[in-house]
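The values are calculated or read from the model by the stated rules, or taken from the named source; none is laboratory data. Everything quoted here is computed from the prediction, not taken from an experiment. As a convention, Cβ positions derive from the backbone with ideal geometry for all residues, glycine included, and neighbour counts pool all protein chains shown. Heavy atoms of the whole protein, side chains included, go into the accessibility calculation; ligands, DNA and RNA do not. Shrake-Rupley method; radii C 1.70, N 1.55, O 1.52, S 1.80 Å.
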Amino acid sequence: MFNVFKHLIKTSSCKNPLEHSPEASSCNERADAQATPDVTHDSASDSTSTDIIACCSGKLIDAATLPDPVFAQKMLGETCAIVPLEDTITVCSPSDGSVSALFPTGHAFGITRPDGVEILVHIGINTVEAHGEGLRVLDVRQGDTVKAGKPMVEVDVKKLSQTYNMSIMTIITDAQQQSISFKKSSSVNQGDSIVAQKGCLTPYGTQV
């Protein structure tokens, strides 16, 4: 199965995270060393939570209002965004799982749940261009197993917002045949559930 986390790291970790650039070659070598192999998931043996929580506190907004078509049109998957209201925030893991991607710049990370669902957290729009300024990866490494709410990246929102849109996107890049959608506009606290509905899809696309 195509691994969007590996693809995003290898094609974009030094420039725009959603565009390929020849300038990214030096980062690609670093990312190759970090990339984790595909794994087989056995959901029957999982005992961890499959809820998805707000990775920070703020205002939950409709992704369609974001000023980037990749996020606004949900090209990577079901997407929601939180606008932080504080000058400095800690972005946490939105779910239990393994850290399947951790960008060197700290602007994004991926979590793979035990049931195989892949979640990408993207901190701000085009913040990869900050080259890590205003973003500090905390005590976590790629491959670690984490719980929902685990602190991942400290963000200087005040500094970065002078240049970038600092919406924090949570994206379901691989739903593993589940129907997962996010709540609409509301105020959320870090740790609140942001899932509106979830269920399994039949081969005909109907929810059960």
With respect to GLN190, determine if the residue is in a loop (DSSP other than H, G, I, E, B), at pLDDT 95 or above and surrounded by fewer than 17 Cβ atoms within 10 Å (Cβ to Cβ). no
Any hit, segment 76-91, residues being in a loop (DSSP other than H, G, I, E, B) and farther than 17 Å from MET166 by Cα: yes
I need the full set of residues from segment 115-127 which are open to solvent by less than 40 Å² (accessible area, probe 1.4 Å) and either among the aromatic types (Phe, Trp, Tyr) or touching a residue at least 40 places away in the same chain (Cβ under 8 Å) (or both), in order please. ASP115, GLY116, VAL117, GLU118, ILE119, LEU120, VAL121, HIS122, ILE123, GLY124, ILE125
For segment 128-142, how many residues meet the condition of being open to solvent by 50 Å² or more (accessible area, probe 1.4 Å) and farther than 16 Å from VAL91 by Cα? 2
I'd like to verify a number: residues in segment 84-99 that are in contact with a Ser or Thr (Cβ under 8 Å, 6 or more places away or on another chain) and surrounded by fewer than 16 Cβ atoms within 10 Å (Cβ to Cβ), how many? 2
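Look through PRO94, PRO67 and report the one residue that is at pLDDT 95 or above, touching a strand residue (DSSP E or B) at 6+ places or on another chain (Cβ under 8 Å) and in a loop (DSSP other than H, G, I, E, B).
Numbers: PRO67 fails: touching a strand residue (DSSP E or B) at 6+ places or on another chain (Cβ under 8 Å).
Being at pLDDT 95 or above, touching a strand residue (DSSP E or B) at 6+ places or on another chain (Cβ under 8 Å) and in a loop (DSSP other than H, G, I, E, B) holds for just one of PRO94, PRO67, which is PRO94.
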Given the conditions (1) touching a Phe, Trp or Tyr at 6+ places or on another chain (Cβ under 9 Å); (2) open to solvent by 10 Å² or more (accessible area, probe 1.4 Å), report the number of the one that ALA63 does not fulfil. (2)
